[in-house]
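> Dropping the structure in here first, questions after.
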Amino acid sequence: MSKPRLRLFVPDDLGPERSFILDQNQSHYLAQVMRAEMGEAVAAFNGRDGEWRCAISAMTKRAVTLDVTSQTRQQQDEPDWWLLAAPIKRDRIDLVAEKACELGASALWPVMTQHTVMSRVNTERLAAHLREAAEQCERLTVPRLFDPVPLERALRDWESERVLIYLDETGGQPLAQIVAALPPQSKLAVLVGPEGGFSEAERRWLKDLPMVRVATLGPRILRAETAAIAALAVIGSILQT
């Protein structure tokens, strides 16, 4: 049986002989954008019940109904890696969200630092990018999106077992060495600063926190989005092999 060309994240429960109606946006996407046909197969996932093959059983311009037919993949545990990133320009933060999802981040948390230029974050748009990336890369979950907060607030009640890898452009231990030394299935997060980097006060404060590991990605000064993507790629290459 061929793989469906269409794949959607849905909030509905998925299981044998269930049916549900897609929201207006997804219905429009299937009917008007993708020109789906009656009876066409659609892969659906919700982050809880695995992935299921569905069939379009009713279709109008505003409402598409899917009938669940069979499970194609069971739900699996995924790595618990967070990305804490200072907001950057719109197209670049959108890219970060998309690639964070593709590279396996379980959560994206925009955090405001002293040198953060972008004071507003469109969380609705970021959530859409995360969802669309999950649909495209065949993940079984969509990364969680935390509300933007100042960095100090994000770290105030930090869970002690989650290591925070802070990327410092002034130097640190190679990221690959830090990650390789962590126990399997470790909870971790990586912190990436804004275009202007962290302030000296922030650097001193971060280095004193017990859960922080100071890391470097090499001798070059990287763009914020490049650093985020490179860091998650290094983490994934080590912890998923």
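Rule-based calculations on the coordinates, nothing more; no lab input. These numbers were taken from a predicted model, which means no experiment stands behind them. When we count neighbours, we look across all protein chains shown, and the Cβ atoms used for this are built from the backbone with ideal geometry, even at glycine.
> Given charges of +1 on the Cβ of Lys and Arg and -1 on the Cβ of Asp and Glu, with all other atoms neutral, how large is the dipole of region 7-73 about its Cα centre, in debye to the nearest 20?
Value, rounded to 20: 200 debye.
> Continuing with this model, one more query. Quick one: SER160, SER186, fewest Cβ neighbours within 10 Å first, how do they rank?
Lowest count first: SER160, SER186.
> If you compute semi-axes √(5λ) of the Cα gyration tensor in Å for the structure shown, which of (1) 34, 26, 13; (2) 38, 19, 14; (3) 56, 20, 18 do you land on?
Checking each listed value against the structure points to (2).
> What is the order of MET34, MET59, fewest Cβ neighbours within 10 Å to most?
Exposure proxy ranking, most exposed first: MET34, MET59.
> Region 95-128: which trypsin sites (Lys or Arg not before Pro) are DSSP loop and have at most 12 other beta-carbon atoms within 10 angstrom?
Within region 95-128, the qualifying trypsin sites (Lys or Arg not before Pro) (loop, at most 12 other Cβ atoms within 10 Å) are ARG120.
> Also: Can you list which of the GluC sites (Glu not before Pro) found in region 128-172 are DSSP loop residues with at most 11 other C-beta atoms within 10 Å?
When the GluC sites (Glu not before Pro) of region 128-172 are filtered for loop state and at most 11 Cβ neighbours within 10 Å, GLU159, GLU161 remain.
> Sticking with this one: Aspartates and glutamates near LYS207 by alpha-carbon distance under 19 Å, same-chain residues fewer than 8 away left out - which ones?
GLU152, ASP157, GLU159, GLU161, ASP168, GLU169
> Label-point separation (nm) for GLU159 and SER19, each offset 7 Å from Cα along Cα-to-Cβ?
4.0
> Calculate how many DSSP beta bridges within region 81-239 are antiparallel, expressed in % of all such bridges and rounded to the nearest 5.
Antiparallel bridges make up about 0 percent of those DSSP assigns within region 81-239.
> Please turn the phi angles of region 106-111 into ³J(HN,Hα) values with the Karplus equation 6.51 cos²θ - 1.76 cosθ + 1.60 (θ = phi - 60°), one per residue in order, whole Hz, x for glycine and proline.
With coefficients 6.51, -1.76 and 1.60, one gets 8, 7, 10, 10, x, 10 Hz.
> A follow-up question, please. Using unit Cβ charges (K, R positive; D, E negative) and no other charged atoms, how large, in debye to the nearest 20, is the dipole of the chain about its Cα centre?
For the chain, the charge dipole is close to 420 debye.
> Given the rule -39500 (n - 2.57) for each run of at least 4 DSSP H residues, summed and divided by the residues of the chain, what is its mean residue ellipticity at 222 nm, to the nearest 500 deg cm²/dmol?
Mean residue ellipticity at 222 nm (helix-derived): -8500 deg cm²/dmol.
> Excluding residues on the same chain fewer than 8 positions from LYS99, give the lysines whose Cα lies under 25 Å from its Cα.
LYS3, LYS89, LYS187
> Determine, from the Cβ-Cβ distance of ALA107 and GLN173 and an R0 of 25 Å, the FRET efficiency 1/(1 + (r/R0)^6), rounded to the nearest 0.05.
For R0 = 25 Å, the calculated efficiency reads 0.55.
> Still on this structure, please answer the following. Quick check: the distance between the Cα centres of region 127-141 and region 224-240, to the nearest angstrom?
18
> A further question follows. If you rank ILE221, ILE93, ILE229 by fewest surrounding Cβ atoms within 10 Å, what's the result?
If I rank by nearby Cβ atoms, fewest first, I get ILE221, ILE229, ILE93.
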